[in-house]
Every structure is written in C-alpha cells, then in structure tokens.
Amino acid sequence: MAVPIAKCLAARVCLLLISLIFQSVIADNNAGDVPHRRFEYKYSFKGPHLTQSDGRIPFWVHTGNAIPSSDQVRITPSLRSQKGSVWTKSPVHFENWEAEVAFRVSGRGRMGADGLAIWFTTSQGLDGPVYGAADQWNGVGIFFDSFDNDGKKNNPAVIVVGNNGKLVYDHQNDGTTQSLGTCLRDFRNKPYPVRAKITYYKQTLSVYINNGFTPDKEDYEYCTKVENMILPETGFFGISAATGGLADDHDVLSFLVFRLTEPGQNLPPPEKEIPKEEKDKYQEEFENFQQELDKRKEEFQKEHPDVQGQPIDDLFESVNDREIRQVFEGQNRIHLEIKQLNRQLAMILDEQRRYVSLITEEMTKRGVNAQSGQAPTHEMDTIITTQQEVLRNINEIRNSLSGSLKQLAAGQQQGHAGGLGSYEAVQHFNEIKEHLHGVKRNIEHIIQKNANPAEMVKCPELPPLPNCLSFTHFLVFIVIQSLLFFGYIMYKSQQEAAAKKFF
C-alpha cells in the first residue's frame, strides 16, 4: 500500500516542477521581448522653460495660430476657424518608436470642435484642412475628433487613419470609412491632462489612453491596435489642431519620443547619429559661449575688485537657505503680532479688574435695603459674575497666546539648530493656526456674552465698558499667515517642477 502512495507523491512533485519550469521559460521569453527605450530629446518638448528667449521651441517649428509658452503649446485658442501645428525640424531615422503626449482640450460648450491630431508623416504638413494639417499625407495620423460630423453620436473618439499620400480624408463621415482602428473616449474638460501613448514596434501600432480622471501618469487604458502596418522609414512628428463653428482650447503640455530597440540589438554610436557638420556647428557655438562667459567674468572682476578671490557661488544663497530664511521671516512676523495681541489683552484685563472694583465700591456705598434692595443686589451679583467670567476667559486667551509664543520660539531654535524641512514647517504653521482659531473663538464668545441684552443691566454712574479687542488684528494676522503658507507651497512646487526639466 505504501508503494502506490509514494509513486503518486513522486508524480505530483514531477508535475509541479514541470509547471514551474514552463512558467519560468514563458516569463523569460516575455521579458526578453520587451524593447529597450531611449529618450530622444531632439524630437521632444516639455515644460517648464519649454521655449527659448525668442519664443521658439528647440528642435521644433510652429505655424498658424499655435502659441508656445514656457509650460505648454496652445495649438489653437478657443476662437472660431483657427488652425495651428508644431512639427519636428529633423526627420526621425529609427524604425521603432514610442510617443507619449499630454494635452488638454477644454471649452465652455457642451460640444467642441474640431479636434487634435498626432502625426508621423514623411513631410511636414504645416497647413491644411485635416485638423490644421495637410491632406494626402504619407504616414499615419491619430485623430482626437471632438465633433460629430456624421450625426451618429460616436464622438468624441480616437481614430487611427493611415494614408499613402493619395487618399483624401473623409470629413463628412469622421474618417470612419478610412479608419484602421478606433475607440470612444471623452477627452474634453478633464480635471487632469489626458495622456496618449502611441507605440510602433515590429510593424504594430498600439494606442493607449489615460482618461484624465486621475493624477497617475501610468494609468493607461487600451484603445486600439493596428497590426501589419508599414510606416515610412523616416518621418516627422507633428501635432495639429483646428476649430470650426465651435471652439476649444487645444493645449499640449509635453511630447516625449523614445527610440525602441529590440533586445540584443546594439544602438548606433553617437557620432553616426549626428552629422559632422551639425556636430561642428554645436561645438563652435559652445566655444563662443564659453569665451563670452570668460569675458564677462573678467569684466565683473574689474568692476568689483572687492570680491576678487571670493567664489562667486558664495554671493548667492542656495534654495534651502532661501526656504529657511522665508520661514524664519514669517515666524518673526507672527511672533510680533502675537506679542501685540498679548499686550492688548493685558490692557483689557486691567480695565475689567478696575470695572469689577468700581462695581464693588458702588454696592458698598448704596447699602442693602430690606425689600427694595433685593433686586439691585441680584443685578450687581449678575454683573460681578459676568465680569469674573470675562476675566477667566481673557486669562485663558493669554495662556493660549503664551503657548503660541513658546511654539514659535521652539520652532525657531530647532530651525537654527538643524534646518527646517518643508513638512515640519507646514505642521508648525498648522499648529499655530489652530491656536489662533481657538483665540478667535474665545474672543467671539466674549463679545456675544457682553452683547446679550438679557445680561446687560443699567447701572448709573459707572464707567463705560472698555473697547473689546479689535478683530482687525486677527484678520490681518490670519491673512499674512495664509499668504506665507500658500506662497511657500507654490514656491516649493515650482522648484520641484523645474527639477523635472529634461534638458
């Protein structure tokens, strides 16, 4: 009986090993089929600092109504009958590629027009009737069509249309009679930029779309795939857009191109990718720039002999030093405001104490009558009780302000000792903000107490009530603190965005 059981266990172990080996072989094959990606900066653009000082995009040309800026390229503004496009200056010479495009299509209408197109063609279609580019192109166009020309309610849609240079685009039917692949995707007025990933690898064109509902840049969904598609060996990348009777803003935030290389295939050396004439031109420009920089350094040293021998970098503060300085300046202003509030509360406290003492003296002078004096005595007791409560609340406010002052002092000492990080600074400001909100609530409570007509008793020959603490100081303080907080966050985000620049 033991022999059959042993044979069964051995058979199961063998099957398990065979399945594991089979899965590992499949995984190795899939991993080996993944192409190598290399970023190609000469066919890409991305903000910030997208344009040069003269308003041009490096390695790209723009035509029509396209408006480049530091963060994006507005292919067409939301005006009627507009056309615009941007195209690479140099043609692409590699066989397999991948393009990642981030864009926004936004408008106030329920429907938009006409749409946006991403191109790979043998020539630059600088102007024309097909989404602002030339018709009868040789290559492929990926169209983001937002207007329903044929009335079939199948828009907005993504349409892949190929052309050999002889076909005329079928506008009336939204290109459906010529499309090689399509999918319905609403890409207008999304909270985040819509992203499209277009991959051409081993004669297969694949399109993936990020719908713009999430900040996750890698959250792509499958749109369409065209197999056995032969594209030209060389071509230009381009983006175009057009508006008609309806209009949208068509903004392109980035266009990134990657060269795809099959596993095991060696990349061409850099000297073969850049022509010798172009390389010599870049080298000459670099040498001229270096000479001009050295000349300006000499002129600066002649004009400022007092800083000779001192490194120029020491004359400028770093980003971390600037952030810490701004945090400390904001804390100092908050410290001064709280001190001023503390002084005013001390004055109010003295006035309240004097007021209570005067009420006590008035009660002593009037005396107590057997019958008619009962009501005034009760009224006086109510006033004294109210004033004592006011004194207690003001003391609590002073204690809260003292706690805020201690927090500020501790934060400054900690920042001077080891530098204050952005997270700690935000937490520190939030704690101070909570303390100040508590102070504000307490003072509003005191104001409501004193303004309640049921507790106001007329008492002759008493000094007037002291002026309550002005709400203006709290409003000014909260505005200053909010501006400092949001200014710091915006500055930090700009610095992080600038660090992502690709060239």
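The values are calculated or read from the model by the stated rules, or taken from the named source; none is laboratory data. Quick caveat, the model's predicted, so the values are computed rather than measured. So basically every Cβ, Gly included, is an ideal-geometry build from the backbone, and we count neighbours across all protein chains shown. To get the accessible areas, we keep the full protein, side chains included, count just its heavy atoms, and leave off ligands, DNA and RNA. Shrake-Rupley method; radii C 1.70, N 1.55, O 1.52, S 1.80 Å.
Against the definition (crowded, with 20+ Cβ neighbours inside 10 Å and among the polar types (S, T, N, Q)), how does Ser206 come out, yes or no? Steps first, please.
Working: crowded, with 20+ Cβ neighbours inside 10 Å: no; among the polar types (S, T, N, Q): yes.
Spelling it out, it is not the case that Ser206 is crowded, with 20+ Cβ neighbours inside 10 Å and among the polar types (S, T, N, Q).
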Filter region 48-61 down to residues that are in contact with a Lys or Arg (Cβ under 8 Å, 6 or more places away or on another chain) and open to solvent by less than 80 Å² (accessible area, probe 1.4 Å) and give me whichever is farthest from Arg110 (Cα to Cα).
Phe59
Going through region 39-60 one residue at a time, which ones are among the aromatic types (Phe, Trp, Tyr) and either within 21 Å of the chain's Cα centre (by Cα) or under 10 Å from Phe237 (Cβ atoms) (or both)?
Tyr43, Phe45, Trp60
How many of the residues making up region 129-145 are open to solvent by 10 Å² or more (accessible area, probe 1.4 Å) and closer than 16 Å to Ala113 by Cα?
2
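Take the residues in region 215-226 that are assigned to a loop (DSSP other than H, G, I, E, B) and closer than 19 Å to Leu184 by Cβ; name whichever of them is least open to solvent (accessible area, probe 1.4 Å). Outline the logic, then answer.
Just the residues of region 215-226 that are assigned to a loop (DSSP other than H, G, I, E, B), to begin with: 215-220.
Within this subset, residues satisfying the condition of being closer than 19 Å to Leu184 by Cβ are 219-220.
Values: Asp219: 65, Tyr220: 48 Å².
Checking each candidate, the answer is Tyr220.
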Determine which single condition Phe94 fails, assuming it passes every other condition in (1) within 23 Å of Tyr169 (Cβ to Cβ); (2) crowded, with 18+ Cβ neighbours inside 10 Å.
(1)
Given the condition open to solvent by less than 40 Å² (accessible area, probe 1.4 Å), modelled with pLDDT of 90 or more and farther than 20 Å from Val105 by Cβ, answer yes or no: does some residue in region 187-197 qualify?
no
Do you know which residues across region 66-89 are assigned to a loop (DSSP other than H, G, I, E, B) and touching a residue at least 60 places away in the same chain (Cβ under 8 Å)?
Asp71, Gln72, Pro77, Ser78, Leu79, Arg80, Ser81, Gln82
Look at Arg108 and say whether it is closer than 24 Å to Leu79 by Cβ and either at pLDDT 90 or above or open to solvent by 10 Å² or more (accessible area, probe 1.4 Å) (or both).
yes
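Against the condition in contact (Cβ under 8 Å) with a residue 40 or more places away in the chain, open to solvent by 10 Å² or more (accessible area, probe 1.4 Å) and either part of a strand (DSSP E or B) or of a type outside the set (D, E, K, R) (or both), how does Thr182 come out, does it pass?
Numbers: in contact (Cβ under 8 Å) with a residue 40 or more places away in the chain: yes; open to solvent by 10 Å² or more (accessible area, probe 1.4 Å): yes; either part of a strand (DSSP E or B) or of a type outside the set (D, E, K, R) (or both): yes.
So Thr182 passes the test.
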